[in-house]
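**Q** Sharing a structure below in structure tokens format, with a few things to ask.
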Amino acid sequence: MPTFSLTAINVGTFNLGEADKIITLFSREKGIHRAVAKGARKPGARISGKSELLNVNRLLLAKGKNLDIITQCENIETFANLRHDLTRLTYALYYAELTQVFGPGLADESERYFDRLCLSMGLMAASGRDPALLCLEFEFALLQMLGIKPELNFCVGCRDPLTEKNLTAFNYELGGLVCQKCFHRMRRLAAASEIVEEEAEEYAIESQEENIRLGLAARSGARSEAMDGQRTNVYVTPLVWKRMVLANIGSEQIDMEINPNQPQDARALVGATVAARRVMQSYIEYKAGKRMRALDLLADLI
Ligand SMILES: [Zn+2]
């Protein structure tokens with residue numbers, strides 16, 4: 001049976017039969033890969049601990065008919081400190097969830113993403129920095145590798161440079177921040193579309209079959225315009241914007257700006273990080289077309 005080796009982190013597991021596990025791995029060599037860990041659920045099995053989530057292993061796999069089988073497993077890293085801090089562990093599980101969802105799109109970047117993921121897991125486990133800020137930095141790195149990094153410096157509507165005075169909202173559909181002028185234009189379009197939508201509905205009811213089809217066509221067009229103005233924008237304050245910009249370049253400068261004699265500065269900063277993360281989380285979920293579940297536990301903890 002042909003064999004091959006991988007260096008990989010466990011990002012998902014589920015049980016198979018009585019004693020086995022199927023592990024979703026993200027490997028440096030191939031990106032996302034699924035393999036069977038035989039006997040991983042037997043008490044005292046050598047592979048048992050190594051098959052747990054977030055472990056990094058060097059593996060030897062045998063090619064199987066459907067799924068490959070792990071034949072040798074050497075543990076490299078466990079991120080043991082994560083197991084002592086529920087908040088940090090939850091963020092790390094969120095990284096694993098993101099990897100499962102976006103991993104298939106990262107095959108060409110597998111080496112770079114694997115290294116970044118392990119670095120970020122290590123920082124989450126051992127660094128004293130705010131875990132929410134570390135997470136925000138990781139999210140930006142992921143979005144960059146996926147080629148969907150949000151635009152933070154220029155308005156995605158008119159390309160004008162953004163300033164503290166003109167920035168207004170984050171637009172999920174356009175993938176970046178919009179200026180005040182464009183935000184209001186979108187709002188006006190949405191309001192006008194709503195009127196068109198109502199008129200189209202009345203028209204559809206009163207018209208014959210052919211006209212009903214035309215009315216419905218106008219309505220569906222109006223609905224997508226309404227999405228622009230109402231459902232895909234979220235307000236962003238200058239401090240939240242600043243947080244995003246600095247997390248995007250991985251700068252700790254903003255932390256240094258805190259005056260230790262001004263505890264309200266620190267509180268405002270924590271609030272801005274939470275708000276910035278919420279915007280990025282929604283953007284990621286918008287792009288994924290699904291909710292990230294690991295964060296539900298996080299929401300209960302914060
Ligand atoms: Zn604009």
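The values are calculated or read from the model by the stated rules, or taken from the named source; none is laboratory data. No experiment lies behind these values; they were computed from the predicted model shown. Quick reminder, even Gly has a Cβ in these numbers, built from the backbone with ideal geometry, and neighbours come from all protein chains shown.
**Q** If a residue has to be surrounded by 16 or more Cβ atoms within 10 Å (Cβ to Cβ) and either out of contact with any strand residue (DSSP E or B) (no Cβ under 9 Å at 6 or more places or on another chain) or not in a helix (DSSP H, G or I) (or both) to count, how many in region 171-184 make the cut?
**A** Filtering region 171-184 down to residues surrounded by 16 or more Cβ atoms within 10 Å (Cβ to Cβ) leaves 171-172, 174-179, 182-183.
Restricting the remaining residues to those that are either out of contact with any strand residue (DSSP E or B) (no Cβ under 9 Å at 6 or more places or on another chain) or not in a helix (DSSP H, G or I) (or both) gives 171-172, 174-179.
So the answer is 8.
**Q** Please go through region 37-59 and pick out each residue that is buried (at least 20 other Cβ atoms within 10 Å of the Cβ) and assigned to a strand (DSSP E or B).
**A** Ala37, Val56, Asn57, Leu59
**Q** If the requirement is being under 20 Å from the mean Cα position of the chain (by Cα) and touching a residue at least 60 places away in the same chain (Cβ under 8 Å), which of these qualifies: Leu106, Leu134?
**A** Details: Leu134 fails: touching a residue at least 60 places away in the same chain (Cβ under 8 Å).
Of Leu106, Leu134, the one residue that is under 20 Å from the mean Cα position of the chain (by Cα) and touching a residue at least 60 places away in the same chain (Cβ under 8 Å) is Leu106.
**Q** Would you point out which residue out of Gln264, Gln281 is at pLDDT 60 or above and surrounded by 14 or more Cβ atoms within 10 Å (Cβ to Cβ)? I'd like the intermediate steps shown before the answer.
**A** Numbers: Gln264 fails: surrounded by 14 or more Cβ atoms within 10 Å (Cβ to Cβ).
Result: Gln281 is the single residue among Gln264, Gln281 that is at pLDDT 60 or above and surrounded by 14 or more Cβ atoms within 10 Å (Cβ to Cβ).
**Q** In region 14-29, what residues are at pLDDT below 95 and farther than 15 Å from Thr71 by Cβ?
**A** Answer for region 14-29, where residues must be at pLDDT below 95 and farther than 15 Å from Thr71 by Cβ: Phe14, Asn15, Leu16, Gly17, Glu18, Ala19.
**Q** Right, here's the next one. Would you confirm whether or not region 58-73 contains a residue that is outside the structural domain of Ala288 (by TED's automatic domain parsing) and either closer than 25 Å to Arg293 by Cα or small (Gly, Ala, Ser) (or both)? Talk me through it step by step, then tell me what you get.
**A** First, pick out the residues of region 58-73 that are outside the structural domain of Ala288 (by TED's automatic domain parsing): 58-73.
Those still in the list that are either closer than 25 Å to Arg293 by Cα or small (Gly, Ala, Ser) (or both) too: 62, 64.
Scanning region 58-73, I find at least one residue that is outside the structural domain of Ala288 (by TED's automatic domain parsing) and either closer than 25 Å to Arg293 by Cα or small (Gly, Ala, Ser) (or both), so the answer is yes.
**Q** In addition: Of all residues in region 174-193, which are aliphatic (A, V, I, L, M), near the ligand (Cβ under 10 Å from one of its atoms) and more than 19 Å from the chain's Cα centre (by Cα)?
**A** Selection gives Val178, Met186.
**Q** Out of all the residues in region 150-173, which are in contact (Cβ under 8 Å) with a residue 40 or more places away in the chain and either of a type in the set (S, T, N, Q) or more than 9 Å from the ligand (Cβ to nearest atom) (or both)? It would help to see each step written out before you state the result.
**A** Start the filter on region 150-173 by keeping residues that are in contact (Cβ under 8 Å) with a residue 40 or more places away in the chain, which leaves 150, 152-153, 162, 164, 167-173.
Listed by number, the residues that qualify are Pro150, Leu152, Asn153, Glu164, Leu167, Thr168, Ala169, Phe170, Asn171, Tyr172, Glu173.
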